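To start, the structure itself, in structure tokens.
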Amino acid sequence: MSLTTHFPLCFLFSLFQMQFMLLFSRQGKLRLQKWYVPLSDKEKKKITRELVQTVLARKPKMCSFLEWRDLKIVYKRYASLYFCCAIEDQDNELITLEIIHRYVELLDKYFGSVCELDIIFNFEKAYFILDEFLLGGEAQETSKKNVLKAIEQADLLQEVRHRMKSK
Amino acid sequence: MPAVSKGDGMRGLAVFISDIRNCKSKEAEIKRINKELANIRSKFKGDKALDGYSKKKYVCKLLFIFLLGHDIDFGHMEAVNLLSSNKYTEKQIGYLFISVLVNSNSELIRLINNAIKNDLSSRNPTFMCLALHCIANVGSREMAEAFASEIPRILVAGDTMDSVKQSAALCLLRLYKTSPDLVLMGEWTSRVVHLLNDQHMGVVTAAISLITCLSQKNPDEFKTCVSLAVSRLSRIVSSASTDLQDYTYYFVPAPWLSCKLLRLLQCYPPPEDGAVKGRLVECLETILNKAQEPPKSKKVQHSNAKNAILFEAISLIIHYDSEPNLLVRACNQLGQFLQHRETNLRYLALESMCTLASSEFSHEAVKTHIETVINALKTERDVSVRQRAADLLYAMCDRSNAKQIVAEMLSYLETADYSIREEMVLKVAILAEKYAVDYSWYVDTILNLIRIAGDYVSEEVWYRVIQIVINRDDVQGYAAKTVFEALQAPACHENMVKVGGYILGEFGNLIAGDPRSSPLVQFNLLHSKFHLCSVPTRALLLSAYIKFINLFPETKATIQEVLRCDSQIRNSDVELQQRAVEYLKLSSIASTDVLATVLEEMPPFPERESSILAKLKKKKGPGAVSVTELEDNKREGGELNGGGDRGPDTAAMAASNASTPSPSADLLGIRSAAPVGAPPASTGSLLVDVFSEAGPAAPSAAVNDDGFLSSAPPSEDPAPPLSEADELLNKFVCKNNGVLFENQLLQIGIKSEYRQNLGRMYLFYGNKTSVQFASFTTTVSCPGDLQSHILFLNVQTKPVEPLVEGGAQIQQVLNIECLTDFSDAPLLNIKFRYGGALQNLTLKLPVTINKFFQPTEMSSHDFFQRWKQLSQPQQEAQKIFKANHSMDTEVLKAKLLGLGTALLDNVDPNPENYVCAGVIQTKSQQVGCLLRLEPNAQAQMYRLTLRCSKDSVSRRLCELLAQQF
């Protein structure tokens, strides 16, 4: 039906802060996607495709912000991975850049010098860590210690279970 | 193999991921995935019950496959089963799967909600957090219905763990955003506001997002948050960098919380309480001071966090727009950033200064940076930064620097990136118009614009220069001379030919005294371009030629010869041929007097809003330009526009745009739409009169022949329903979503849902044109008796915007409650102005009694027992009618299900027949309905019988349904 395709993105978005976060590799492979707005799978794929292309085409010294549709994209490259957030026009770009950095720090601390492979093979962990840090597109807990404590507690729960099983 | 595998690695999963990574081609990957999918499916379907671990592993594999971009159509049930596992990791994977692959399957939602409910009441904080995360991630309306009342309780309860509070706050925020009507803070308001005082910084960080959102919607109820926010901010700002322990980020205390506090304050005007205000100003000053201190770390994270707070503080200062001292300090700070080596900071400084430029306190301070900004426009390597520089130049422009800025923008345009050229052209055109002191400068600028970036000069821009030249007689001679010179160039842009043709056709006489630009020279110059031009331009030139015949009788013979030649009079393009024929006849039949009347000089255009301004607003969205624009208009008092009415009236746009729908825009086209009265009307009719004798000439295409426009009565009263309204209504009896109505201008789409006696309808109004709809209003009325039967509550998430931009779509929500049964559908009246003309249209809203059906399943025995009970003659309605649509079984079944009733199998002894049962839910009563449809495929006939506990319902349903099959 034409209704859904006709739907302007801006209207859907207008109520939210961070709209989505994408992690993708230099080759354009999507490694993690977190959507804080309700969109159809088709729309998500379209956005991803367009955005990955746009960001990969940018040169290294360019600024980390760009206007895209009605949104602002904040991105940063860490080694082979691009971290890319979409925020609203009026939102704070620099603090979003540091949201990305804090998330990278969390991954780094948890995996111990994180690399792309960690995120591929432990994608579920990457999602869990993100959920502890950001919820519904808003910072839930900015303390690195507290986030990691929550995740480690969970790991502890499963290790206990694991040991019991192997006995 | 993976470097790390923390916790309990799922070996099978890791192996599978490795396999996928080792696939050499897309085909190999798909093959591997299909193999895995088949494997998982057989495991799920197998007889052996799977243990939790295997279930988790397979669900996780499915999730991985989905995230790779493949469709997943099973496994939901297994994921839901995991939710009720008492093992944390199994539960966690179950929730992750649900969060990523939400399924609207109502059956599942109920199960999911049940699992969530159990976890929320488990008093185990890790389980509670998982459940809250899931609600926040999915955020569907069903979840809001189930949990919106429970979560505030969790949020403010004294014994809730901090981590749970944090999740609860953001979870509630998400639900509030999806379903504001279901989240009622009421009694909790003050306790939620006081979370700003919480000991735990994490709780404050999470809660403040919720409070900010709620404050935006209900500022009065939450206004106590202002003083709390100020004192919290003050404590953070004045704390030493180590005080806040882990909430200090690269030596900056609580940057996220600080930014959110400053953002919250932007929901309110400056505090009225002197002490609070003093404290806040002190905070803002401290933040500005800190920007001058030497950095505590060389890390970019330190400066980013610090500057994030600084920019948010500047936003607040701009929002207040009342502290000149702070505004100027902010401006100076941004001035320093303009030359910073960090591209990001230069970008943000340019952006932030743009808003400062519109404040009267800082406008002058911004202007002092003009050289730096011009330099940025010339030297920045990143196009997005250059774009910001161009925006800032536009914002800081006033009469004192207009010539310099316009010149710089013009020269930048020669090398500008394609992506921003059109916008730059619009901006130059607007500035040139707004600050034109002498009109020759304006004409020069616009012609330069066409010369440099002709392809990007939209119709609005060249229409506008023509409008202005026509309205200002002191510039007409200069304009004629300048276009004449510009046309001398061997290769000139087609837009230049258009402007040249129009202006010489009107004012060529003003330069005809000079032998170098005698009438024939002018004509030959124009005609030398003719063959290189597109059809619309040629059409315009033909009109210029006929105007020449009037202006310069000596050119008549030459021009007639041109018109008479085969390439004109037998042109394959109808429009060109028609013009050639008509103009040729007109010039030979009409007397000089008639000719002079018909081809009289254009009357002045009514001046209101500049059409280019409207175009720029459309491009940038309503907010982007208007702030500075309105300010500037106030300041300048409008010169070209003669200080006239500046409302959002689109008449001026109509004048310039009326011809856009027709591909053959031209002089006469514009004229016929100019609401000036006598001359245009007589022109049109005269042309037709002259040729009514000459043969079967079609009415000129330049006259607006849009059927819809002419059929709309020019009255303000709601129009009677469209003749096809009933037909449109019938389309929606068995479905809830689709396009209700569509013509050349407007598309109306509908999505609706009904539950019990309640319904919600989303109407989407789409503007299909490129022109704005003004004064857009909609009213819903329930005619006659219906008034007391259906109650329409016009609950809108946003009130319908009076302006619908070209190509845009707006949404309206209607909440519907059925009080008792009814027959007539409610009427929806839509009024708006399109190019000045009032459009008035009435449709029937597809709300029919069957929308409130609840399906009822029953056995054959029950059915016939009830059927017999409803045996009074008036309770039955019957119709025998011819099939209008396909009699295919599946189609019929789909329709009967769409009707809202339960389709009962094995009830009727004749398997060809269909029987259905349902209960219509109204507020006052429930009406049981039984239906029997007997198709006769041979005769292509149906017999439809309805028996309902209320006779009016039987009749109405029978009428409605007879149209459906």
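Each value in this text was obtained by applying a stated rule to the coordinates, not by laboratory testing. The structure displayed is predicted, hence computed values, not measured ones. All Cβ positions, glycine included, derive from the backbone under ideal geometry; neighbour counts span all protein chains shown.
Computed quantities for the displayed model
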quantity: Cα-based Rg / Dmax (Å) for region B:118-188; calculated: 10.9, 30
quantity: Cα-projected label distance for B:Arg141 with B:Asn86, points at 7 Å along beta-carbon direction, nm; calculated: 3.8
quantity: For A:Trp68, residues with placed amide H under 5 Å, excluding near neighbours; calculated: A:Ile73
quantity: q = 0.05, 0.10 Å⁻¹: log10 I(q)/I(0) that the Debye formula gives for chain B, counting C-alpha atoms only; calculated: -0.47, -1.31
quantity: Shielding by partners - mean other protein chain Cβ count within 10 Å, residues of B:212-220; calculated: 1
quantity: Cα-only Debye scattering, region A:18-166: base-10 log of I(q)/I(0) at q = 0.10, 0.16, 0.17 Å⁻¹; calculated: -0.36, -0.89, -0.99
quantity: Student exercise, chain B dipole from Lys, Arg, Asp, Glu Cβ charges, in Debye to nearest 20; calculated: 3680
quantity: Region B:9-77: projected area of the alpha-carbon convex hull, averaged over directions, in nm²; calculated: 4.6
quantity: Spin-label model distance (nm) - B:Arg421 vs B:His885, 7 Å beyond Cα toward Cβ; calculated: 5.1
quantity: Per-residue mean of C-beta atoms belonging to partner chains within 10 Å, peptide A:97-107; calculated: 3
quantity: Quotient of C-alpha Rg and 2.2 N^0.38 Å, computed over the protein assembly as shown; calculated: 1.09
quantity: Estimated FRET transfer efficiency when R0 is 30 angstrom, pair B:Ala157-B:Leu108 (beta carbons, to 0.05); calculated: 0.50
quantity: Principal axis dimensions, largest first and in whole angstrom, of region B:724-847 by Cα; calculated: 42, 28, 25
quantity: Sparsely packed GluC sites (Glu not before Pro) within region B:875-922, loop by DSSP, other Cβ within 10 Å at most 11; calculated: B:Glu912
quantity: Members of A:Lys45/B:Lys43; B:Lys844/B:Lys879; B:Lys731/B:Lys882; A:Lys45/B:Lys24 lying beyond 27 Å, as alpha-carbon distances in this model show; calculated: A:Lys45/B:Lys43
quantity: Förster-model FRET efficiency, 51 Å R0, B:Glu801 and B:Gln940, C-beta, rounded to 0.05; calculated: 0.55
quantity: Residue-by-residue Karplus 3J(HN,Hα) for region B:541-550, coefficients 6.51, -1.76, 1.60, Hz, glycine and proline x; calculated: 5, 4, 5, 4, 5, 5, 5, 4, 4, 6
quantity: Dipole of region A:18-166, positive end: most advanced residue of A:Ala57, A:Ile47, A:Ser143 [Cβ charges, Cα centre]; calculated: A:Ala57
quantity: Exceeding the 28 Å Cα-Cα cut-off - candidates A:Lys149/B:Lys87; B:Lys31/B:Lys55; A:Lys109/B:Lys55; B:Lys498/B:Lys615; calculated: A:Lys109/B:Lys55
quantity: Equivalent ellipsoid semi-axes - Cα gyration tensor, region B:190-290, angstrom; calculated: 21, 17, 10
quantity: Highest average packing first - B:452-465, B:164-177, A:37-50, Cβ atoms within 10 Å; calculated: B:164-177, B:452-465, A:37-50
quantity: 25 Å Cα-Cα reach of B:Lys277 towards lysines, excluding residues that sit fewer than 8 places from it in its own chain; calculated: B:Lys217, B:Lys223, B:Lys260, B:Lys290, B:Lys306
quantity: Cβ neighbours within 10 Å from other chains - mean over B:128-137; calculated: 4
quantity: Lys, Arg +1 and Asp, Glu -1 on Cβ, resulting dipole of region B:243-398 about Cα centre, debye, nearest 20; calculated: 660
quantity: Positive-end residue, the protein assembly as shown charge dipole about Cα centroid, Cβ charges, pick of B:Tyr250, B:Gln756, B:Ala590; calculated: B:Tyr250
quantity: Most to least packed among A:127-139, B:949-961 [average Cβ atoms within 10 Å]; calculated: A:127-139, B:949-961
quantity: Exposure proxy order (Cβ contacts within 10 Å, fewest to most) of B:Thr445, B:Thr224; calculated: B:Thr224, B:Thr445
quantity: Dimensions (Å) - region B:104-235, Cα atoms, principal axes, largest first; calculated: 50, 29, 22
quantity: Sparsely packed GluC sites (Glu not before Pro) within region B:369-449, loop by DSSP, other Cβ within 10 Å at most 16; calculated: B:Glu414
quantity: In region B:566-615, trypsin sites (Lys or Arg not before Pro) in a DSSP loop with at most 13 other beta-carbon atoms within 10 Å; calculated: B:Arg570
quantity: For region B:35-52, Karplus couplings with θ = phi - 60° (6.51, -1.76, 1.60), whole Hz, Gly/Pro x; calculated: 4, 5, 4, 4, 4, 5, 4, 5, 5, 5, 8, x, 6, 6, 5, 7, 7, x
quantity: Dmax and Rg, reported as Rg then Dmax, of region B:827-916 (C-alpha, Å); calculated: 19.8, 65
quantity: Separation in nanometres of the label points that stand 7 Å from Cα toward Cβ, at A:Asp108 and B:Asp71; calculated: 4.2
quantity: Highest to lowest packing among B:836-846, B:303-313, A:146-156, scored as the average C-beta count within 10 Å; calculated: B:303-313, B:836-846, A:146-156
quantity: Long pairs among A:Lys34/A:Lys125; B:Lys768/B:Lys851; B:Lys529/B:Lys556, criterion Cα-Cα beyond 22 Å; calculated: B:Lys768/B:Lys851
quantity: Amide H contacts under 5 Å for B:Phe741, placed H, 5+ residues apart; calculated: B:Ile748
quantity: Lys, Arg +1 and Asp, Glu -1 on Cβ, resulting dipole of the protein assembly as shown about Cα centre, debye, nearest 20; calculated: 4600
quantity: Alpha-carbon Rg with Dmax, taken over region B:291-353, Å; calculated: 11.7, 35
